[in-house]
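J.: Following this message is one structure expressed as structure tokens.
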């Protein structure tokens, strides 16, 4: 797949911290309950840390108590890309930034959360940057 933002691997490594690179470009996962945005209730827009694309809003963020920020819907359907992930002996749906292809996390369905979509976008904090609403 081609993306609007494409860079050589060396450039991604230079622009991202080692931890950001591992998650965003190598589909790593930050440890549960360690991320900057796991419990934040600040209102605003969550953008891709790699390219700045607006991905999620605080209006769809909810407390899932899973250890990572959870959202029940992206900002719009075309901001994320969903890909079947068969790694680690499981079948899951990976969530990537549709603008640069960076790994964000996974989406899960039918877990019984009281949300309008019954979906949980389980997203690594390190993949995001929160732009707070002006008060």
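Bear in mind that the values in this text are calculations on the coordinates, not laboratory data. Remember, predicted model here, so these are calculated numbers, not experimental data. Every residue, glycine among them, receives a Cβ derived from its backbone with ideal geometry; neighbour counts consider all protein chains shown.
J.: Give me the one-decimal nm value for the distance between modelled label points at residue 93 and residue 118, 7 Å along each residue's Cα-to-Cβ direction.
T.: A separation of 1.2 nm, rounded to one decimal place.
J.: Starting from the Kirkwood Rh over alpha-carbon pairs, what translational D in µm² s⁻¹ does the stretch 60-119 have by Stokes-Einstein at 4 °C and 1.567 mPa s?
T.: On the way: Rh = 12.4 Å.
Approximately 105 µm²/s, per Stokes-Einstein.
J.: Going 7 Å from the Cα of residue 34 along its beta-carbon direction, which residues of the stretch 53-72 have the amide nitrogen within less than 15 Å of the resulting point?
T.: The answer is 67-69, whose backbone nitrogens lie closer than 15 Å to the label point.
J.: In angstroms, what radius of gyration and Dmax does the stretch 9-132 have, counting Cα atoms only?
T.: 13.4, 43
J.: Would you kindly give the portion of the calculated P(r) for the stretch 1-73 that falls above 21 Å, as a percent of all Cα pairs? Display every interim value, and only then the final one.
T.: On the way: 884 of 2628 pairs.
In whole percent, the share of Cα-Cα pairs in the stretch 1-73 beyond 21 Å is 34.
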